[in-house]
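Take a look at the structure set out below.
Any read-out appearing in this document is the output of simple, stated calculations on the displayed coordinates, not a laboratory observation. Because the structure is predicted, anything quoted here is derived from the model rather than measured. Positions of Cβ are generated from backbone atoms using ideal geometry, with glycine treated the same way; all protein chains shown enter the neighbour counts.
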There are 2 protein chains.
Amino acid sequence: MTNGSVRVGIDVGGTKALGVALGDDGSIVAQDLRPTPRGIDSLEPLIDTLSDLAHSLGASGRLGVGAPGLVTREGVLRAAPNLDGVAEFEIGRLLSERLGHPVSVDNDATCAALAEWTLGAAIGTTDMMLVTLGTGIGGGIVANGELQRGAHGFAGEFGHMVVDPNGPPCPCGRRGCWERYASGSGLAMLARQAAAGRRLRSVVERAGGDPEDVRGEHVRDAALEGDGEARAVIDEFGRWVALGLANLTNAADPEMFVLGGGLAMGSELYVEPITRWFAELLYQPNLRPLPRIEFAHFGPLAGAVGAALLPEL
Amino acid sequence: MTNGSVRVGIDVGGTKALGVALGDDGSIVAQDLRPTPRGIDSLEPLIDTLSDLAHSLGASGRLGVGAPGLVTREGVLRAAPNLDGVAEFEIGRLLSERLGHPVSVDNDATCAALAEWTLGAAIGTTDMMLVTLGTGIGGGIVANGELQRGAHGFAGEFGHMVVDPNGPPCPCGRRGCWERYASGSGLAMLARQAAAGRRLRSVVERAGGDPEDVRGEHVRDAALEGDGEARAVIDEFGRWVALGLANLTNAADPEMFVLGGGLAMGSELYVEPITRWFAELLYQPNLRPLPRIEFAHFGPLAGAVGAALLPEL
């Protein structure tokens, strides 16, 4: 970063593309967003949208983009469940040709990990993991003081670790993936299961009367108001979140988890059950420092902030 | 490594301590073993044994030791399920004082990963994982071209990742740990379950007639002779091994797995089911290169060879 030129990053989501510009000190000096183009012919309009957003934020010289899916180490978006028609999408090359300067591309959760590690909740750590708890679960890894991408760029797909081979089917084709339980849609499933068992009466009322309409936020709001049955569902949800975090800790021994994604909005509610269950589910919890578990400093902007930092890696 | 002095490594196991000496070219020029002292007052005798073994192999100037448990980044063996009385055992400091030269200590599976990555099956890789399938499961990680220890030295405890929260109890206190299924004792459990269901008649006969006496090697030997019911158990075992490998691949995206430990002895039997199930259980297997799965080049010596390389890190 030289001469005060602005660092711009864009986080491409399924519904919106969110951009930020960072000042020299890493603070967010501007942000902007555009709807993500939808439909089978949306790739060219997507390049238009990202180019427009980059211009509006003053990008010049370089740009970083976080993309929601498998991004190869060459910056090609191989597949993205929430973007129509994506397959081997050379988002970096196409956008770079349009803008006339280099564009760096990486997975959105990997970008968020970079942001939190460099400027956010995990400053100073050498081994940390970022876990986004949203509709699904994404992840980013810092190990031994370096951002990790894996051999092909696909590290951090934590959401599809199978935690119950006999569990509910996942759209990915397997059963019992972690994100079936520990994501926003997982919380909704646990709530609907409880409602089908004639629990959660007040939550079902809140959802309009049909247990099938219960969503995660209905449970969260009821639990925040002190509803005991809703709190029991939050506890079960916290156990599933903790199970995956414990598994990751057994594997990689991070000193910290940063939790991001939409569920971080009700953070005060989840921290206690996650922390309690984590100590139950980790191997030899009494013989090791437990990793800190905190929520993303940059909240929903973490992916865009990290994208802005990509060109400096 | 200078002046042809010999590099010596010792792998401390629950029943024996195995040492090797490496020549300048990395070849094993000598090996030796001693029984591991047992009993509550075994720590001082263990230092005696390791010192004796180091001398017999010509260690001078430095030594590496692989230890079976949680080893801190300072080389202290914090806990070891298969060594009596171990707690905060300063094996490195004590042995170093006895020998009069530095001693490096790390986890045994981490040592094995170092051996296979540096001199064995995984030469040239930047992202690989070693998984030891023995009585339990241990692991070692290389990511982004570096041996990974985690924040506290405890990375690679793959065996206690929970893969079925309602599964059988594990001595560690949790349920459904991966090593309940995918280790040597896991294979025996799957076989006893099959035998209790009146399958595996020939395997039960092989074990002496009582299903409770069936061990992994009875199933393996029967399967190698073509027994269909034994092969079905091996297939189920392969599915459990693959489940954990797929979870690790989703998390870390290695280009290769090296399988070590006692089960590598029947390798030709396990490779096909593990490989087949792996492609079923991995997220988006058609969109990515599948990691190679191979058996440890150094077999049961991998831990000792890697220990000999520790001082050079």
For the protein assembly as shown, using Cα atoms only, the Rg and Dmax in Å read 25.8, 81
Shape call for the range B:211-313, from the Cα gyration tensor axes a ≥ b ≥ c (a/c under 1.5 means rounded, otherwise prolate when a/b beats b/c, else oblate), comes out oblate
Quick one: net charge of A:Pro81's neighbours, Cβ under 13 Å, K/R +1, D/E -1? -3
When you look at the Cβ of every residue in B:114-124, what mean number of other chain Cβ atoms sits within 10 Å? 0
Exam field: A:Glu312 pseudo-label spacings to other copies (7 Å along Cα-Cβ), nanometres: 3.7
Other-copy label distances relative to A:Glu225, 7 angstrom Cα-Cβ extension, nm: 6.9
Counting only GluC sites (Glu not before Pro) that are in a DSSP loop and have at most 13 other C-beta atoms within 10 Å, tell me the longest site-free stretch of chain A. A:89-224
Once Rh for the range A:126-296 is found with the Kirkwood sum over Cα pairs, what is the Stokes-Einstein diffusion coefficient at 10 °C and 1.306 mPa s, in µm²/s? 97
Hey, can you grab everything whose amide H is under 5 Å from the amide H of A:Val29? Only 5+ residues off in sequence or another chain; H modelled, so Pro and N-termini drop out. A:Ala21, A:Leu22, A:Gly23
Inter-copy separations for B:Arg198, label at 7 Å along Cα-Cβ, nm, ascending: 3.9
DSSP-assigned coil residues among trypsin sites (Lys or Arg not before Pro) in the range A:195-235, each with at most 11 further Cβ atoms within 10 Å: A:Arg198
Likely footprinting exposure, A:Thr126, B:Thr135, B:Thr249, fewest C-beta neighbours within 10 Å first: A:Thr126, B:Thr135, B:Thr249
Those chymotrypsin sites (Phe, Trp or Tyr not before Pro) from the range B:247-289 that are DSSP loop and have at most 16 other Cβ neighbours within 10 Å turn out to be none
Working from Cα positions, state the angle (0 to 90°, nearest 10) between the long axis of helix B:108-118 and the longest principal axis of chain B. 80
Once amide H atoms are built 1.01 Å from N in the peptide plane, which residues 5 or more positions from B:Asp253, or in another chain, come under 5 Å H to H? A:Gly156
For the range B:1-126 the translational diffusion coefficient, Stokes-Einstein from a Kirkwood Rh over Cα pairs at 20 °C and viscosity 1.002 mPa s, in µm²/s, is roughly 146
With the cut-off at 1.5 for a/c, could you classify chain A from its C-alpha gyration tensor as rounded, prolate or oblate? prolate
Using the alpha carbon gyration tensor of the range A:130-199, what are the three equivalent-ellipsoid semi-axes (square root of 5 times each eigenvalue), largest first, in whole Å? 28, 13, 8
Only bridges whose two residues both fall in chain B count here: according to DSSP, what percent of them are antiparallel, nearest 5? 60
Considering only DSSP beta bridges with both partners in the protein assembly as shown, what is the antiparallel share in %, to the nearest 5? 60
What is the sum of charges around A:Ala304, taking Lys and Arg as +1, Asp and Glu as -1, for the other residues whose C-beta is under 14 Å from the C-beta of A:Ala304? -2
